[in-house]
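Just below is one structure, and these are the notes that go with it.
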Amino acid sequence: MDLELSEEQRLIVETVRKFVRNEIAPLEADLDPDATELEPIDFERLVAQTKEMGFYGLDIPAAYGGPDIDIVTRTLMAIEMAQHRAGLYTPCYGVFGGAGLAQLFEANDDQKERYLFPTLRGERHGFFGLTEPSGGSDPARAIQTVAVKDGDDWVLNGSKIFISEADRADYGIVFARTDAAKGRAGITCFLIDAGMPGFHVRRVVHTLRSTHYATELQFEDLRVPAGNVLGEVNKGFAIANDRLSRQRIPYSAGCIGVATKAQEMAIAYAKQRETFGDLLATRQGVQWMIVDNEIDIRTSRWLTLAAADKARRGVPFRTEAAMCKLVATEAGGRVVDRAMQIHGGYGMTKDLPLERWYREIRIRRIGEGPSEVQRLIMARDLLGGSFH
Amino acid sequence: MHLQLTKPWRPLTEANVAALGGNLGVYQLANDAGEVVFIGFAGGKSLFGLRSALAEHLAAPPAGASQFRVEVNQQYQSRYRELLMVHRRDTGGLPVANRDAPPVHLGRLS
């Protein structure tokens, strides 16, 4: 068991770290504190740089032209990419590209031509529509959007909430109930185009994230061709579930990145700020906060890398993914909170990124499955079944 | 919260702007007919929030703006985009003075 980074991983991490500090952070000095987008000219320039580095489209499989970087190394990179003001929800403002919706790799050839390949080329953008007003923690049972077969089409009626990017997307992956009697075995996944009659983005849902907002959707007799069923009818939940487990690893990595940067700021401030004639760094209360931060960061880091390592080896990692998601999101919140405490009044201001991280990292304990659901997942695995 | 701003219009005068607080938030400018000609926000980098953001329009009001209304809002970025999207949904386009520099990747409502 080797806990050290390989030489290649060390070089990659160092390269990304320099990129964030030399290219991203200076641009943020001129942006609104809540910005999530670069000026187009800066965006294009930095995309060209990530392509030149061979890091563009990190999670695109090699067979589709991706850089073929394993998930452990990608996790290490994600930790670095989050270490700036917008880094939690918009790491490096998207200049590293990405596969978008991983479910599309399971699409049939026709669907790949219409959705996957244009997405990989950056020509089309999609959203993931799972959560409904009736609940998000138990999506298989909560889904009330119905799809009824009508000739060669399916007709969808219902609504979704907390859906990111739907107002700007060209298409979406949407889950609907196709068999009311079958519970999670009655869910089907559809590819819908934003221009289809009956597709509505009703409102922006304002949250603690000021820019990376969510939306509420409504489907009114939305007619979808049978050729837009992704996977098999009534087997959509497996598609959703696979995505939820995989997503928990980079989700955790973002929290670790922000926590790492917050800790770096807290240490630097404690070593230069004086109170009552001496540095904050000499105060036991501050020292303990910094130590507790480090324990939180390292615990999160090793659990997340352990989950990524299992995913890389192709062995089951559901428990590990749930554990790292639970620990990294909660620990990250504590670290940012302590860093703000050390910074005093300045920590509350928009002059520093701590204020933004504090708001945004709170969502992480809910998004991608709340802490309580992560415990439920682990309990089921540990106990070998559902003990309700 | 209403999707559209609903507060009454106030004349765009130095005295009215000076009376504003330094809060973050969003605002609209309108012409004499009450047509919205510009939607903006006072963000975290503004010196005195809505007061300084509106003061910048006093010298050269865009598109003949003569009145304004504000909404104090910490979520000024998403609220700003929402107001633009609502305006586009309701009128078919952006306010005239926003058309030169709309936000990147503005979404749509229907």
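Values quoted throughout were computed directly from the atomic coordinates according to the rules given, and no laboratory measurement underlies them. Treat the numbers as computed from the prediction; the structure is a model and nothing was measured. Cβ coordinates were reconstructed from backbone atoms using ideal geometry, including for glycine residues, and neighbour counts include every protein chain displayed.
Mind checking B:79-87 for the average number of partner chain beta-carbons within 10 Å of each residue's beta-carbon?
Details: counts 4, 3, 6, 7, 1, 0, 6, 2, 0.
Average neighbour count from other chains, rounded to a whole number: 3.
Taking 32 Å as the cut-off for C-alpha to C-alpha distance, list the pairs among A:271/A:310; A:18/A:325; A:149/A:310; A:51/A:160; A:112/B:45; A:271/B:45 that go past it.
Numbers: A:271/A:310 39 Å; A:18/A:325 27 Å; A:149/A:310 40 Å; A:51/A:160 36 Å; A:112/B:45 43 Å; A:271/B:45 27 Å.
Among A:271/A:310; A:18/A:325; A:149/A:310; A:51/A:160; A:112/B:45; A:271/B:45, the Cα-Cα distance tops 32 Å for A:271/A:310; A:149/A:310; A:51/A:160; A:112/B:45.
Go ahead and run the numbers for FRET between residue B:32 and residue B:106, Cβ-Cβ distance against an R0 of 25 Å, rounding to 0.05.
Details: r = 27 Å, r/R0 = 1.09.
The formula returns an efficiency of 0.35 here.
Label reach from residue A:272 (point 7 Å along Cα→C-beta): in segment A:337-360, amide nitrogens under 19 Å belong to A:339-355. With the simple spin-label model, which puts each label point 7 Å out from Cα in the Cβ direction, the residue A:4 to residue A:313 separation comes to 2.0 nm.
The HN-Hα couplings worked out from phi for segment A:208-220 by the Karplus form 6.51 cos²θ - 1.76 cosθ + 1.60 (θ = phi - 60°) are 5, 7, 6, 9, 7, 7, 10, 9, 10, 10, 9, 10, 10 Hz, whole numbers, x standing for Gly and Pro.
When the Cα atoms of the protein assembly as shown are enclosed in a convex hull and the volume is divided per residue, what value in Å³ results?
Numbers: hull volume 86.1 nm³, N = 498.
It comes to 173 Å³ per residue, whole-number rounded.
Less than 5 angstrom separates the built amide H of residue B:48 from those of B:53, all sequence-distant by 5 or more or on a different chain.
Taking the Cβ-Cβ separation of residue B:56 and residue A:53 as r and a Förster radius of 45 Å, what is the calculated FRET efficiency to the nearest 0.05? Plugging the Cβ-Cβ distance into 1/(1 + (r/R0)^6) gives 0.65.
In this structure the amide hydrogen of residue A:203, modeled in the peptide plane, comes within under 5 Å of the amide hydrogens of A:216, none closer than 5 places in sequence on its chain.
Viscosity 0.692 mPa s, temperature 37 °C: what is the translational diffusion coefficient of segment A:126-230 from Stokes-Einstein with a Kirkwood Rh over Cα pairs, rounded to a whole number of µm²/s? Mind dumping the intermediate values first?
Details: Rh = 13.7 Å.
Once the numbers are plugged in, D ends up at 240 µm²/s.
Exposed loop sites, defined as GluC sites (Glu not before Pro) outside DSSP H, G, I, E and B with at most 14 other Cβ atoms within 10 Å, are absent from the longest region of chain A, namely A:233-388.
Within the shell of other residues whose beta carbon sits under 12 angstrom from the beta carbon of residue A:367, the net charge comes to +4, with Lys and Arg scored +1 and Asp and Glu -1. Measuring between their Cα centroids, segment A:102-125 and segment A:312-346 lie 32 Å from each other. Under 5 Å between amide hydrogens, built in the peptide plane, is the criterion, and for residue A:127 it picks out A:171, A:172, A:173 among residues at least 5 positions away or on other chains. With one equal scatterer per alpha carbon and no solvent term, the Debye-computed log10 I(q)/I(0) for chain B at 0.22 1/Å reads -1.30. When only alpha carbons are used to place a centre, segment B:75-108 and segment B:1-43 end up 15 Å from one another.
Tally Lys and Arg at +1 and Asp and Glu at -1 over the other residues with C-beta under 14 Å from the C-beta of residue A:297: what net charge comes out?
Details: positive: A:261, A:298, A:301, A:334, A:338; negative: A:80, A:264, A:292, A:294, A:296, A:330, A:337.
Charge balance in the 14 Å sphere: -2.
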